[in-house]
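All remarks here apply to the structure that follows.
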Amino acid sequence: MRTWPISFCLSFSILAPMSDSQVTASPPAITPEALREETASEPRQHFRKRELVVTFYGDLSPEDPWVTSFDTKTGWLRLGYNPTLHQHLYRIKEGQDLSFVLRELRQTANVRSAEPNFFRYPHRVPNDSFYRNSPFPTDQQRWAFHGTGVDRNLSAELAWDLSTGRSDVVIAVIDSGTDLDHPDLLSNLWTNPGEIPGNGIDEDQNGFVDDVHGYDFQAGDPDPEPDLGDGLDNDGVDGPDSNVAHGTFVASILGARGDNAIGLAGAAWACQIMSLKVLSDDGGATDFDIASAISYAANEGADVINISLGSPVFSQTLQSAVDLAWLQGAVLIASAGNENSPAPVYPAAFAHVISVGSTDSGSIVNQGSGDIDGRAGSSAFGNEAVDVVAPGVHIFGATVGSTANGSPGIPGYSVDSGTSFAAPFVSGLCALLFSYSRDQNIPITNVTIETILRNTADNLPDDPDDAPDAGEDWDHYGRVNFHEALLAVDLLPQNQAPVAVATGPSTGAAGDTLTFDGSNSMDPDMDPIMLTWTFGDGTLSMSGELVDHMFSTPGDFLVTLTASDGVLIDTDVLLVTIEETPLTDLLLFLTFEQDILLPEIGKISPEDIVVYVGETSRYQILFDGSDVGILGGDIDGLSQTEDGDLLLSFSRQTTLPQSGNQSPGKIHVTDADIVRFTPLSLGATTSGLFSLYFDGSDVGLGEAHEGIDALSLQGGNLYLSTRGPAIIPGLGAVGGEDIVQFIPSTLGENTTGVFLLHFDGSDVELSEPSENIDALSFGPLERALYLSPLGSLSTTGFSAEKEDGVRFYPRSLEPFTDGLFLPLFRGQDLLIPSQTNVNGLSVALH
């Protein structure tokens, strides 16, 4: 029996007290579905306003007394609950600040996780001729499936001689819904055998009433057909009703009925399509809805799950759903994105999701490039973003008409482009692999299918006409080959799996290079094996018997060695615990707001810089401001250039000698400027030259609170934090708890460039003035930000004072900042007097 005291666990400020009359009052006459529709057609957002996805320790359900009390005391509207993943979807009260609520929730002992309900958007490239490509000649499909000339592209026709699919293989399409009446899809619809249509009873007791052909998670009803739209461009992207046909189009590529003299053929002609709707006629899908659809597909036995949408934001909500589906044997396929970038998107970038990029067009009638081995101009590329590729330009598919095009609900055909439509080719191939293996009575798993896709893909050449040139690894493993993949199934019974044996250290420090050894791995058949390592930290995989890897953040990581003989694989896993880079490896360059006494060097003033040598635990004087004529200015920000010059900002308007103390020239700087000091000598006798490096007034800084309070130079860009609330050109309002990135075009007396938000402090519970960032540096080895606060800083499980240094290890930065705070140093350990403000910080390796 639980003994958690509700008065203790619920004693935070978001839980407003309620009178008995409030508790027993009837709920407002409004449905969760109506509330969620309020933002379904607004301009694109990163997450749905006022919605949170929460999980509780103990996997508590809505009926649990603790959760019931939580719901009553918060007064939040429950919008949904996923019993498989134990995820609760809430809508907070009008006027409550989402960032503040997240901060309070994460301080609650019973809350395991809490995050916004992020949106994911379809990966499609708008085609101006979407409704003007009629009549359609025969080359609309064959070039993709069978190639042109001697290039067989997907080599699907040879594969169809082996299998066109089976009715007991199910592909779930998580999208905008499927037109259940389309003549090319009608005979391939999945039907829930445990459900009787339209009687309002949940016969199979899976929690979904009348889910005959799937479910609409966006609207919360059993009709998974697309919303036909209102004729308006509600989200300002891709035109009016742009999502209506998306799901039908995807479904037809992977599973339209073939050889029936109607329309087109899908990749897997005879497999079943489960329609799971998460998108409305415009806009994006939320993580809660997508995760609910994934868990539904897994629980209902889907073999393949296609997700042609995504976002660059990591989500634990989605990760949990992906893990569940993978463990239940499903293969998950997702589109890699259309940003012409090597940056990963999610869910495609999750482990156990096959990310699909797109190749170019061979369509003659649509005036395609004809370069079917080349990269589609908008496709994601590279090993981090893409696993395999498939055609994704001028793809022919089934559609359903929308209100915007004047034919709502009318089935049809059209042409569209994007990685959204490359992914279903791969989903169809996976369905064929399940089908053919069952035909041959050969057991096959999702692990084996993933291996077959990688090992039978055709490596495509570099496409130098790309902008940018994505290099020879743009397609990662290559373009999927239907025929070779199915032939690989025939090799499974005669082949014994290799044995992976991984050895290596179990501990290390962030920034250390660790060596891992797979040389004891072997293959019983004496086949050559390929050894591939992944490290669990989001970095690229590596191949070889002996590999070196550097972890840039602390934590526990699963290092996985995969041994493959080209058909079968085996894995071995090591748990490696990484600690922070030890202080003994670092040099800390420090300035202070007031005069202090430090051991061995005596009095240090605000215009001085000292170095703390971690290896010896001793201080040295680096920069004596009085030697170089600093008059009336405390150093408020500190960084270093690659050639050893110092970058300095000051807490007030300051006059500096232009060329050292003897120069008659003067530089007048404000607290929004940065100067460069080129040393001739450093230490107890400092000399050198000052020059203006960054003129804040040129780029709109200079009002009250817009002085530079912290700075760091990294990769040629400046990272700045202001003294308080500021209006940044191109960004708008930022706070002293935020970090902005300045990408310069020019520097010096004519400073120009653009600002971007790099770190949103409110997302990670920094909201009080005392939590403003007063000093800033980047980790020399760790992927970390080093900070010092203006005063007391307090986040969930961590606190620091103004004399302390803090490490922040980001899990994500934009559009939503999330990560882990850990100590860099405690001021008292460095003999810094209590309540001494660290004004400037720069960190280097010893």
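The values are calculated or read from the model by the stated rules, or taken from the named source; none is laboratory data. On a predicted model such as this, the values are computed, not experimentally measured, just so you know. Cβ: placed from backbone, ideal geometry, glycine included. Neighbour counts: every protein chain shown. With ligands, DNA and RNA removed, areas are computed over all heavy atoms of the protein, side chains included. Shrake-Rupley method; radii C 1.70, N 1.55, O 1.52, S 1.80 Å.
Structure summary
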| quantity | calculated |
| --- | --- |
| Per residue, the convex hull volume that the Cα atoms of region 568-695 enclose (Å³) | 167 |
| Stokes-Einstein D for region 263-365, Kirkwood Rh over Cα pairs, 4 °C, 1.567 mPa s (µm²/s) | 87 |
| Global form of region 531-574, assessed from the alpha-carbon gyration tensor, a/c cut-off 1.5 | prolate |
| Rg ratio (alpha-carbon, reference 2.2 N^0.38 Å) - region 440-488 | 1.45 |
| Gly283 long-range amide H proximity, modeled H, under 5 Å | Asp235 |
| Excluding exposed DSSP-loop trypsin sites (Lys or Arg not before Pro) (at most 14 other C-beta within 10 Å), longest clean stretch of the chain | 133-651 |
| Part-to-part distance (alpha-carbon centres) for region 512-534 and region 235-265, which is given in Å | 44 |
| Packing rank of 312-318, 464-470, where each peptide gets the mean count of other beta carbons within 10 Å, highest leading | 312-318, 464-470 |
| Nearest-0.05 FRET efficiency for Arg652 and Ser605, computed from C-beta distance (R0 22 Å) | 0.90 |
| Average silhouette area of the chain, convex hull of alpha-carbon atoms, in square nanometres | 39.5 |
| Volume per residue of the C-alpha convex hull in region 645-705, rounded to whole Å³ | 82 |
| Accessible surface of the chain, 1.4 Å probe, proportion on carbon and sulfur as whole % | 52 |
| Full-extension gain in nm, Asp469 to Asp595, via 0.36 nm per residue minus C-alpha separation | 39.9 nm |
| Cβ crowding within 10 Å averaged over residues, with 346-355, 737-746 ranked highest first | 346-355, 737-746 |
| Net lengthening on full extension, Leu731/Val150 (0.36 nm per residue, minus Cα-Cα) | 203.9 nm |
| Paramagnetic reach from Ala844 in region 680-707 [backbone N under 18 Å; point 7 Å along Cα→Cβ] | 680-690 |
| Inverse of mean 1/r across different Cα pairs in region 588-643, Kirkwood, Å | 11.9 |
| At q = 0.10, 0.12, 0.15, 0.19 Å⁻¹, base-10 log of I(q)/I(0) for region 708-846 (Debye sum, equal scatterers on each alpha carbon) | -0.31, -0.45, -0.70, -1.12 |
| Long-range amide H partners of Asp709 with built H, under 5 Å | Ser721, Thr722, Arg723 |
| Burial ranking of peptide ranges 282-292, 518-528 (average Cβ count within 10 Å, highest at the top) | 282-292, 518-528 |
| The chain, dipole about Cα centre (Lys/Arg Cβ +1, Asp/Glu Cβ -1), debye to the nearest 20 | 900 |
| Estimated dipole of region 737-844 in Debye, rounded to 20 [Cβ of Lys and Arg +1, of Asp and Glu -1, Cα centre] | 340 |
| Rg/Rh for region 543-613, where both radii come from Cα atoms and Rh is the Kirkwood radius | 1.35 |
| Model label zone, Glu157; criterion: amide N under 20 Å from point 7 Å along Cα-to-beta-carbon; scope region 433-461 | 458 |
| Theoretical FRET efficiency, 1/(1+(r/R0)^6), r = Cβ-Cβ of Thr445 and Leu546, R0 45 Å, to 0.05 | 0.95 |
| Nearest-10 value in Å² for the accessible area of Val400, using the 1.4 Å probe | 10 |
| Extreme residue, positive dipole direction of the chain, given options Ile201, Leu154, Ser834 (C-beta unit charges) | Ser834 |
| Under the Debye formula (equal points on every Cα, no solvent term), log10 I(q)/I(0) of region 153-292 at q = 0.09, 0.21 Å⁻¹ | -0.30, -1.21 |
| Residue (of Ile743, Pro528, His246) at the positive-pole extreme of the chain, dipole from beta-carbon charges | Ile743 |
| Rounded accessible area per residue of the chain, 1.4 Å, Å² | 38 |
| Listed residue (Ser712, Val393, Ile372) projecting farthest to the positive dipole end of the chain, Cβ model | Ser712 |
